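Everything on this sheet refers to the single structure shown next.
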Amino acid sequence: MIARELLELARAGWHNAPVLVVGDVMLDQYVWGEVERISPEAPVPIVRAGLRDERAGGAANVALNLAQLGACVTLVGFAGADPEQQRLEMLLAEHGIESRLVATADAPTTTKLRILSGHQQIMRLDTEAQAPHSDSEYASLVERAVAALPGAAVVVLSDYAKGVLSEAVAQRLIDSASQRCIPVLVDPKQQDFSRYRGASVICPNLKELAAATGQAAGEVERVLDAGQTLAKSLDLDCIAATLGSKGIAVLRPESRFHAPAYVREVYDVSGAGDTVAAVLALALACQVPVEAAAELANVAAGVVVAKVGTAPIRREELLGALAQQLAPEMDEKVLPVEHLLARIAAWRCTGERIVFTNGCFDILHIGHVRLLEQARRKGDRLIVAVNSDASVRRLKGAGRPIVGEDERARVLAAMSAVDAVVVFEQDTPLRLIEALRPDVLVKGGDYTEREVVGAREVRAWGGRVELIPLIPQMSTTRLVKKSATAMACDSQGKELSA
């Protein structure tokens, strides 16, 4: 399920994250009508035209999805210095999108005219450039894109194989973004993914990934295995592959995560990939892990496929779709790491300081309660990391823990001072601390700062370490011994009385 903080980010419009979109822009035109008979001239239906509509398509639809979700979007691409470009720019301006389109004198604005009867598409007529763009046009496009980079939190390369993202252009933009530590998400249409080398995330559909890896699309597991290999060879953070009704697979070189789809009635898959790309791009902009955002992208895609024609998702539509999905766990505090990372990203977007502490917390007592209450006062949000049962046994020996990890985590989550609980398997929380990067690290006063695991790392990124005085003679080990002694005395008493 999706973490509450992703809902909060969506509700806040992703804090108006600045996004640069570069790609193949299009004007999608629609004619809806009624089919009453077959033409006597040829075996084709005659459509009595009724409603007409124009919408932003291609990379422009990605930009529109982003803007509708709350982003501040700059769009760079080619257009035809024609009435279609003017109408497309008007559509974009209505939604606050800054268009930096390069007008091409010898090529039209790419246009797709669809004719429909009810929900059924009858035909599509495409108007697009046939000849490649000139060197000067490419130079102008790259100049405009690079000029927009300094203000961007993420770059989206929306490649519809219409000529904008040549290998040279794609690599120039990826390299320029990388130099500025700006993540790059690619929505690909080329069969050869090597032109996207060094991007952060590529999000193909299953058919596109199969073609890129040379596998049969029907052999899903083989395609996904090959996708992990491809991610490593191209130096990608991950590939987020959309699998249609099977959801989204996030493929990293050493791991795989699957987010199941949310089933909706499908009318038209046009634009669903654009919506997924937009949601994942906003996640990157807000430093939310792709795994945590994949479920949200599934929900968003489910909304879009229930529409007819290319149409962006609106923020209120996404929030409405999320409400039912999130209701069971709106108050959930015990989280896996990937969802905790999303929650932390949301807290940090509002300037909140993250406090971290850890321990076994086997038989919660007043010393634990006091420690956690004082830890919470050191910042705005308190995360408690709990040793797993196996970890406790390695540290404390046979017979421990007394209370299982699930019960320990839930008892801690019930405390008002605690904002999130995560269970870790290692003997120390160092790996978790490095992943979460808390602002404040808290331990009990029985430690010195030099002994605290993670203290050096937290100080290195500008955080601090706080040591909380303990209540004397209060520990779980002491309580266990006291209980064992009491039981032994009680047993001896019963033997004497017998």
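Which trypsin sites (Lys or Arg not before Pro) from segment 1-91 combine a DSSP loop assignment with at most 11 other Cβ atoms within 10 Å? When the trypsin sites (Lys or Arg not before Pro) of segment 1-91 are filtered for loop state and at most 11 Cβ neighbours within 10 Å, nothing remains. Taken about its Cα centre, the chain carries a charge dipole of roughly 1760 debye when the Cβ of each Lys and Arg holds +1 and the Cβ of each Asp and Glu holds -1. Taking 0.36 nm per residue of sequence separation and subtracting the Cα-Cα distance, how much length would be gained by fully extending the chain between Thr127 and Asp225, in nm to one decimal? Fully extending the segment from Thr127 to Asp225 adds 31.5 nm. Projected label points at Ala139 and Glu98, each 7 Å from Cα along the beta carbon direction, are separated by 2.4 nanometres. Taking 18 Å as the limit for the C-alpha separation, the pairs Lys162/Lys232; Lys207/Lys232; Lys162/Lys189; Lys112/Lys207 exceed it in the case of Lys162/Lys232; Lys207/Lys232; Lys112/Lys207.
The aspartates and glutamates whose alpha-carbon is closer than 14 Å to the alpha-carbon of Lys378, local same-chain residues fewer than 8 away aside, are Glu352, Asp419, Asp439, Glu466.
For every helix of n ≥ 4 consecutive DSSP H residues, a contribution of -39,500 (n - 2.57) applies; sum these over the chain, divide by its total residues, and give [θ] at 222 nm rounded to the nearest 500 deg cm²/dmol.
The per-residue figure over the chain is -12000 deg cm²/dmol.
Relative to the longest principal axis of the Cα atoms of the chain, helix 220-233 runs at roughly 80 degrees.
Output the peptides 286-294, 170-178 sorted from most to least packed, where packing is the average of other Cβ atoms within 10 Å over each peptide's residues. Each step should come with its number before you reach the end.
Values: 286-294: 24.4, 170-178: 18.8.
Listed from highest to lowest mean packing, they are 286-294, 170-178.
By how many degrees, 0 to 90 and rounded to 10, does the Cα axis of helix 315-326 deviate from the longest principal axis of the chain? Once rounded, one gets 40 degrees.
Between the C-alpha center of segment 179-212 and that of segment 9-46 there is a gap of 24 Å.
Compared with the dominant Cα axis of the chain, that is its longest principal axis, helix 83-93 is turned about 20°.
FYI, it's all coordinate maths here, none of it is from the lab. In this text the structure is predicted, and so the values were computed from the model without any measurement. Note: ideal-geometry Cβ built from the backbone for every residue, glycine included; neighbour counts use all protein chains shown.
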